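Written out below as structure tokens is the structure these notes cover.
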Amino acid sequence: MYFSNESHSNIYLKELNNAMIKLLIPNTVLLFVFLFASLAGNGLVLYVYTFKLKSKTDDRYFIPCLAFVDIITCSTGASFLISLNFNPLNFRNDLICKLIWSLNHSIALISALLLLAIAVQRYIKVSRLLNSSMSLRSKRLTITAIIIGSIIISIPCLFLYGEAEVPLKYNNRTITGYNCGAVTNVSRDLLFGYSVTLLLTSLCGIFALISLYSVILRIIYKKESVRKKNNYGQNVNVKQGLGNTNNPDGSTYTDAESYSTNLDSTTTSNLQQTNEGERTIEENKSTVPAEIRTRRKSTTVQILCRIMHKHRFFIMFFLIAILSCISYLPRFALMIAGSVISNFWDELTDVEYFIALCFYRGYLLNTAVNPVIYLIFDTDFRSSCKQLCCRN
């Protein structure tokens with residue numbers, strides 16, 4: 001039987017494709033875990049926050065939006081990547097490849113910009129700007145602007161990515177494989193510029209998130225410190241008693257007058273002494289006794305514990321933002337490496353390729369972890385989930 005060169009190439013390509021499928025089995029299993037965990041977790045979040053929670057607070061407005069974006073991110077991204085794993089070297093659908101790349105980029109940008117919008121909302125609320133909260137109209141306009149901006153930024157993916165030919169070596173022969181990635185007829189400089197633009201945008205977003213949450217933490221810490229000092233001053237005055245007390249001139253005043261006068265004078269003197277004491281301690285740090293330093297450290301720990309307990313939503317959104325930044329940075333770094341080095345992925349060994357691919361697709365882990373973070377920090381959400389489980 002006679003086989004043409006094209007038939008031999010197809011046979012060799014099929015064998016290479018099957019070998020790559022076996023190599024990617026662990027990654028495929030991991031993608032299935034991410035997919036089911038994200039759909040179940042974010043589906044529960046979307047259902048409970050939309051239909052079960054009676055208190056529609058300002059803090060929870062963006063949570064259903066973020067859960068919905070996570071569902072789209074993981075369902076489209078994981079499904080597409082699983083299909084690629086089953087056809088890694090023989091993917092031949094240029095249109096689907098372009099659409100999926102554009103959709104994945106736009107959804108990732110929407111998710112990141114939503115986290116930035118949440119940080120701005122927290123800053124407005126904590127710093128008491130604009131009546132302490134964003135209006136419903138402002139929130140809807142913000143979401144609309146985020147969607148439109150993300151779609152515009154993702155448009156270049158339609159021209160940079162698609163069905164690409166990949167030269168493969170097999171039995172001292174060169175055959176052509178096909179995958180979904182950067183197209184070969186596009187300038188490397190253009191691809192590199194787009195990748196760098198995405199990375200710089202991400203770094204600016206990370207810097208903005210860290211700056212906003214640092215300012216928020218500073219404001220909260222100052223407020224809690226003042227509240228603790230006021231409570232301490234009131235407790236000291238109460239312990240001294242509210243009976244009749246002699247004035248410095250020898251006269252007496254009533255309980256209420258005594259309490260009011262003592263409170264005002266004590267507060268004023270405490271503030272003056274605190275300011276003078278802080279200046280003195282700054283100038284003579286080496287002379288501060290160990291007991292005072294220990295007491296000050298314990299006070300700081302108490303304030304931080306109070307922030308953890310009282311400002312749970314701040315901690316929750318900050319943790320989600322940090323995890324999102326960590327999960328996306330390796331992807332952008334590998335995108336830049338692939339745009340600078342033409343044969344970056346082809347020159348990797350099987351183990352290196354598998355590890356790099358896990359980091360490249362690790363951003364999906366963020367979508368599966370977010371529901372767990374909601375469950376830990378939002379007590380109302382946790383109670384509603386318990387009620388659903390007990391009822392079932």
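The values are calculated or read from the model by the stated rules, or taken from the named source; none is laboratory data. Being a predicted model, the structure only gives us computed values, none of them experimental. Cβ sites come from the backbone with ideal geometry, for glycine too, and all protein chains shown count toward neighbours. What goes into the accessible areas is simple: the full protein's heavy atoms, side chains included, and nothing from ligands, DNA or RNA. Shrake-Rupley method; radii C 1.70, N 1.55, O 1.52, S 1.80 Å.
The figures follow:
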quantity	calculated
Condition check for residue 140: over 18 Å from residue 180 (Cα atoms), of a type in the set (Lys, Arg) and either touching a strand residue (DSSP E or B) at 6+ places or on another chain (Cβ under 9 Å) or at pLDDT 85 or above (or both)	yes
Residues that are β-branched (Val, Ile, Thr), surrounded by 14 or more Cβ atoms within 10 Å (Cβ to Cβ) and assigned to a helix (DSSP H, G or I), drawn from the stretch 142-167	142, 143, 146, 147, 151, 153
Residue ID - modelled with the highest pLDDT, chosen from residues in the stretch 1-42 that are open to solvent by less than 80 Å² (accessible area, probe 1.4 Å) and not in a helix (DSSP H, G or I)	24
Matching entry among 192, 207 (being in a helix (DSSP H, G or I), in contact (Cβ under 8 Å) with a residue 40 or more places away in the chain and not acidic (Asp, Glu))	192
Residues located in the stretch 333-382, provided they are of a type outside the set (A, V, I, L, M, F, W, C), within 25 Å of residue 109 (Cα to Cα) and either at pLDDT 85 or above or open to solvent by 50 Å² or more (accessible area, probe 1.4 Å) (or both)	360, 361, 362, 363, 366, 367, 370, 371, 374
All positions within the stretch 110-121 that are open to solvent by less than 30 Å² (accessible area, probe 1.4 Å) and touching a Leu at 6+ places or on another chain (Cβ under 9 Å)	111, 114, 115, 118, 119
Boolean, residue 323 is surrounded by fewer than 19 Cβ atoms within 10 Å (Cβ to Cβ), assigned to a helix (DSSP H, G or I), modelled with pLDDT of 85 or more and touching a Cys at 6+ places or on another chain (Cβ under 8 Å)	no
Boolean, residue 170 is among the aromatic types (Phe, Trp, Tyr) and open to solvent by less than 30 Å² (accessible area, probe 1.4 Å)	no
Residue within the stretch 188-204 that is open to solvent by less than 40 Å² (accessible area, probe 1.4 Å) and either under 30 Å from residue 15 (Cβ atoms) or modelled with pLDDT of 85 or more (or both) present	yes
Unique match (being hydroxyl-bearing (Ser, Thr, Tyr), touching a residue at least 12 places away in the same chain (Cβ under 8 Å), in contact with a strand residue (DSSP E or B) (Cβ under 9 Å, 6 or more places away or on another chain) and assigned to a helix (DSSP H, G or I)) among 106, 79, 102, 75	102
Residues located in the stretch 70-104, provided they are more than 28 Å from residue 16 (Cα to Cα), buried (at least 20 other Cβ atoms within 10 Å of the Cβ) and out of contact with any Phe, Trp or Tyr (no Cβ under 9 Å at 6 or more places or on another chain)	70
The listed residue being closer than 24 Å to residue 358 by Cα and modelled with pLDDT under 90, out of 50, 57, 73	73
